[in-house]
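Asks: Here's a structure for you.
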Amino acid sequence: MAKDIFHQAVRVALEKEGWSITHDPYTINIPEFRPKQDIDLGAEKMFAAERGLQKIAVEVKSFLNPSLVYDFHTALGQYMNYLIGLRKQEPERILYLAIPSHANRAFESLGMIIEAIETYHIRLIVYDASEKMIVSWKN
């Protein structure tokens, strides 16, 4: 599977924030997922002793096609499948959908997308691809 155009930018942005990239890609290896499924990145970050190690998986999307709604539907389907796979393989790992800041701004005017994000509890990482930085985390 080809990596998203902004894959490397998100990887660098996560590393800037202290995340260690542990998987590139993070493969879901469970029998129901044939062929195997690859989430773009797996990462870990050590926090204060009382919180311990946090593990995440990140699916990177560019949202560069003419239809933002179509791109979102595709991303939502992948996110839901990956969420099921992670629950079976490594339930403590938290899944995020990484979206560029231009898509996040456009989402604000598309109530259906905002409602879907809230309804399905989609965790977002908003990134700036040119600056290779995380703009915000939305849980």
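The values are calculated or read from the model by the stated rules, or taken from the named source; none is laboratory data. Since we're looking at a predicted model, the values are computed, not measured. Methodologically, a virtual Cβ is constructed for each residue, glycine included, from the backbone with ideal geometry; neighbour enumeration extends over all protein chains shown. Ligands, DNA and RNA are stripped out before the accessible areas are found, and what is left, the full protein with its side chains, is counted by its heavy atoms. Shrake-Rupley method; radii C 1.70, N 1.55, O 1.52, S 1.80 Å.
Asks: Can you pull the percent of the range 3-86's accessible area that's carbon plus sulfur, 1.4 Å probe, other chains left in place?
Replies: Numbers: 2360 of 4270 Å².
After summing per-atom areas, the C and S share lands at 55 percent.
Asks: Calculated from the structure, P(r) over Cα pairs in 5 Å bins from 0, in percent equals which of (1) 2, 10, 17, 18, 13, 9, 7, 6, 4, 4, 3, 2, 2, 1, 1, 0, 0; (2) 2, 9, 16, 19, 19, 15, 11, 6, 2, 1, 0; (3) 2, 10, 20, 24, 20, 15, 7, 2, 0, 0?
Replies: Computed from these coordinates, P(r) over Cα pairs in 5 Å bins from 0, in percent corresponds to label (3).
Asks: Which residue, Pro31, Ala43, Thr74, has the largest displacement toward the positive end of the dipole of the chain when charges sit on each Cβ (Lys, Arg +1; Asp, Glu -1)?
Replies: Projecting each Cα onto the dipole axis, the largest value belongs to Pro31.
Asks: Could you give the longest part of the chain that holds none of the GluC sites (Glu not before Pro) found in DSSP loops with at most 11 neighbouring Cβ atoms within 10 Å?
Replies: Values: sites that count: Glu32, Glu50, Glu92, Glu108.
No qualifying site falls inside 51-91, the longest such stretch.
Asks: How many angstrom separate the Cα center of the range 74-139 from the Cα center of the range 1-43?
Replies: Result: 14 Å between the Cα centres.
Asks: Run the quick spin-label model on Ser109 and Val12: label points 7 Å from Cα toward the beta carbon, then report their separation in nm to one decimal.
Replies: Label-label distance for Ser109 and Val12, simple model: 3.0 nm.
Asks: Now for a separate question. Using 7 Å Cα-to-Cβ label points, what is the Lys138/His73 separation (nm, one decimal)?
Replies: 2.0 nm
Asks: Can you tell me the accessible area per residue over the range 1-102, all protein chains present, probe 1.4 angstrom, in square angstrom? List each step's numbers first, then the result.
Replies: Working: 5310 Å² over 102 residues.
Per-residue value: 52 Å².
Asks: Taking the alpha-carbon set of the range 40-90, what are its Rg and Dmax in Å?
Replies: Spelled out, the Cα radius of gyration and Dmax of the range 40-90 are 14.6, 46 Å.
Asks: Determine the relative contact order of the chain: mean sequence separation of Cα pairs under 8 Å and six or more apart, normalised by residue count, in whole percent. Please list the in-between numbers first.
Replies: On the way: 220 pairs, mean separation 32.9, N = 139.
Reported relative contact order: 24 percent.
Asks: Additional query: Counting Lys +1, Arg +1, Asp -1, Glu -1, what net charge surrounds Lys132 among other residues with beta carbon under 10 Å of its beta carbon? Write out the running numbers ahead of the final one.
Replies: Numbers: positive: Arg11, Lys16; negative: Glu15, Asp128, Glu131.
It works out to a net charge of -1.
Asks: Beyond 20 Å between alpha-carbons counts as too far, so tell me which of Lys88/Lys132; Lys45/Lys88; Lys61/Lys138; Lys36/Lys138; Lys88/Lys138 fall in that bin.
Replies: On the way: Lys88/Lys132 32 Å; Lys45/Lys88 22 Å; Lys61/Lys138 15 Å; Lys36/Lys138 28 Å; Lys88/Lys138 24 Å.
Result: Lys88/Lys132; Lys45/Lys88; Lys36/Lys138; Lys88/Lys138 exceed 20 Å.
Asks: Please give me the summed charge of the neighbours of Arg93: other residues whose Cβ is under 13 Å from its Cβ, Lys and Arg +1, Asp and Glu -1. Don't jump to the answer; show the numbers that get you there.
Replies: Details: positive: Lys45, Lys55, Arg87, Lys88, Arg123; negative: Glu44, Glu59, Glu90, Glu92.
Result for the local shell: +1.
Asks: Within 10 Å, at most 15 other Cβ atoms, and a DSSP state outside H, G, I, E, B define an exposed site. Report the longest part of the chain free of exposed chymotrypsin sites (Phe, Trp or Tyr not before Pro).
Replies: Details: sites that count: Phe47, Tyr120.
Excluding the exposed sites themselves, the longest stretch runs over 48-119.
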